[in-house]
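The structure appears right after this line, and notes come after that.
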Amino acid sequence: MKQPAMTLTLRMPLKLLNKANRAARAADQTLAEFLRQAILTRLDEAPKVPPTVVDKRRALAAAFEDSVTWPGLQARLRKLGYVLRSPKEREGSTARAPLVLCTWPIEKPLVPLARLGLTREDLTLKFASQFPAARPPRKNSAQKEQRAA
């Protein structure tokens, strides 16, 4: 059974279009046939994404989309087993470092937030506040006693 065809408008640089036309003629195909075949070949070579990965990506996207505050986002991410961190802030730097998606509860860096298509600035605008700074480490009682003496 033949599938219905859809019309597609494609913008490409003139040099690429000319090169594709020459390759299509050399293969004794129309440009449309050549492009369809090229796309099908690339699809066959493309790595298959497991459904669980697709589900995780959708859940992450929904967490970012549905959140309206930093704490709300962190809560949604934790339910999925993730959390956002700013590595330089954790080390005591005042510079605004890119945010990193980490595993939760054992925090291991996974991917910079920018690789997910978002930035610290995007979320700062959305939530109308800066990413909450990491809390300074608590001083132990021995340090407190030394200061008191």
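Under a Cβ-Cβ cut-off of 15 Å, what is the net charge of the residues other than A63 that fall near it, where Lys and Arg count +1 and Asp and Glu count -1?
Details: positive: K56, R57, R58, R76, R78, K79, K126; negative: D55, E65, D66, D122.
Once positives and negatives cancel, what remains is +3.
Exceeding 29 Å between C-alpha atoms, which entries from my cross-link table qualify? They are K15/K48; K15/K56; K48/K126; K56/K108; K2/K56; K56/K126.
Long pairs (Cα-Cα over 29 Å): K15/K48; K15/K56; K48/K126; K2/K56.
At most 14 other Cβ atoms within 10 Å and a DSSP loop assignment: could you name the GluC sites (Glu not before Pro) in the stretch 27-133 that fit?
Counting only loop positions with at most 14 other Cβ atoms within 10 Å, the GluC sites (Glu not before Pro) in the stretch 27-133 are E91, E107.
Evaluate Rg over Rh across the stretch 1-78, taking Cα atoms for both radii and Kirkwood's formula for Rh.
1.24
Since every read-out is calculated from the coordinates, none of them should be taken as a lab result. Note that the structure is a prediction, hence the values are computed from the model and not measured. FYI the Cβ positions are ideal-geometry reconstructions off the backbone, even for glycines, and counts take in every protein chain you see.
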